1. Evaluate the stretch 87-94: report whether one residue or more is within 17 Å of Trp172 (Cβ to Cβ), open to solvent by 30 Å² or more (accessible area, probe 1.4 Å) and outside any strand (DSSP E or B).
2. Taking the condition of being of a type outside the set (Asp, Glu), within 25 Å of Gly159 (Cβ to Cβ) and in contact with a Lys or Arg (Cβ under 6 Å, 6 or more places away or on another chain), how many residues in the stretch 203-231 meet it?
3. Test of understanding: among Gly135, Gly95, which residue is closer than 22 Å to Ser33 by Cβ, at pLDDT 95 or above and among the small types (Gly, Ala, Ser)?
4. Just to check your reading of the model, which residue among Glu216, Glu130, Glu228, Glu150 is over 30 Å from Trp55 (Cα atoms), open to solvent by 60 Å² or more (accessible area, probe 1.4 Å) and free of Cβ contacts under 8 Å to residues at least 40 places away in the same chain?
5. Of the residues that sit in the stretch 65-120 and are of a type in the set (Phe, Trp, Tyr) and touching a residue at least 60 places away in the same chain (Cβ under 8 Å), which one is nearest to Val46 (Cα to Cα)?
6. For the list (1) at pLDDT 95 or above; (2) farther than 18 Å from Ile164 by Cα, I need the number of the one condition that Ser87 fails.
7. Being without any contact (Cβ under 8 Å) to a residue 24 or more places away in the chain, among the acidic types (Asp, Glu) and in contact with a Ser or Thr (Cβ under 9 Å, 6 or more places away or on another chain): is that true of Glu59 here?
8. Only one of (1) open to solvent by 60 Å² or more (accessible area, probe 1.4 Å); (2) modelled with pLDDT under 90 is not met by Arg161, so which one is it?
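The values are calculated or read from the model by the stated rules, or taken from the named source; none is laboratory data. Quick caveat, the model's predicted, so the values are computed rather than measured. All Cβ positions, glycine included, derive from the backbone under ideal geometry; neighbour counts span all protein chains shown. Keep in mind that these areas ignore ligands, DNA and RNA; they rest on the heavy atoms of the full protein, side chains included. Shrake-Rupley method; radii C 1.70, N 1.55, O 1.52, S 1.80 Å.
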Amino acid sequence: MTARTPHKRERLDVAPAALLARLPAIGRVIINSERRGATHERIGSVEKVRIEDGWLVCEGAEHDSRIELAAIATVIVDRTSVMREKSYPRIELRGADGESIANVTGFEGLDPLDAVLAAFPQGTELPVEERKGNGLDERKELEADDAGLEPFAAAERNGGRVRIEFSRPSFWQAWEGDMPVVKPVMGYVNVMRPDFHLHLKGGSVGGWRREDNAGEARFVALTAEGAETGLTVSGAPASFG
């Protein structure tokens with residue numbers, strides 16, 4: 001195979017399942033998606049990838065994600081992110097409308113990703129896009145009574161395990177563990193563990209709908225207009241008081 005000259009940004013002509021099946025070989029990664037003010041990130045090594053009913057399932061102690069394969073119209077590799085002289089290459093998965101479904105960002109630099117990509121044809125070079133931040137640099141304070149804080153602050157006070165799930169069209173992801181300290185920083189509700197980050201933009205949640213069933217309390221995040229945002233928080237009722 002002809003040696004490739006990696007582009008800073010390229011569109012790959014690959015079957016998404018074939019590429020994503022190789023995620024365990026890339027090492028530690030972030031799998032993230034965002035919608036309606038919520039960014040949900042799982043962080044660590046993908047241990048197993050399988051396909052179930054047309055969905056690609058990423059599993060492991062640090063990952064629990066599902067991506068609908070038929071919805072992925074474009075796969076892009078972006079090598080432009082460099083922090084403190086270390087590269088954080090990103091695989092972008094986009095739908096037919098050009099919107100992001102999910103991203104996979106490598107923590108081990110370029111070499112593991114490029115070793116995986118060597119098995120596939122060279123991609124088509126794309127112009128480098130101006131990177132959009134997630135808003136965490138806005139440097140504004142989160143309102144003390146922001147509705148987004150409610151179930152997280154209650155679970156922090158009461159202790160116990162929680163499950164934080166996120167869904168959007170063609171993507172689902174979850175984390176479960178002991179409720180960490182909530183950090184309201186830079187206008188966001190931040191819930192962070194080594195294998196998980198949630199960044200919830202202030203003002204994006206208008207309220208929560210509580211659903212109690214079979215010994216579990218589940219909170220569904222709603223917009224100010226009452227639409228579901230795709231973010232849910234659940235756990236034992238005692239965890240929320």
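1. The answer is no; no qualifying residue exists.
2. The first filter runs over the stretch 203-231 and keeps only residues of a type outside the set (Asp, Glu), leaving 203-210, 213-215, 217-224, 226-227, 229-231.
Subset that is within 25 Å of Gly159 (Cβ to Cβ): 205, 207-210, 213-215, 217-221, 231.
If we keep only those that are in contact with a Lys or Arg (Cβ under 6 Å, 6 or more places away or on another chain) as well, we get 219-220.
Going through the stretch 203-231 one residue at a time, the tally reaches 2.
3. Selected residue: Gly95, the only one of Gly135, Gly95 that is closer than 22 Å to Ser33 by Cβ, at pLDDT 95 or above and among the small types (Gly, Ala, Ser).
4. From the options Glu216, Glu130, Glu228, Glu150, the qualifying one is Glu130.
5. Phe107
6. Failed condition: (1).
7. When the stated conditions are applied, Glu59 passes them.
8. Tallying (1) open to solvent by 60 Å² or more (accessible area, probe 1.4 Å); (2) modelled with pLDDT under 90, Arg161 fails exactly one: (2).
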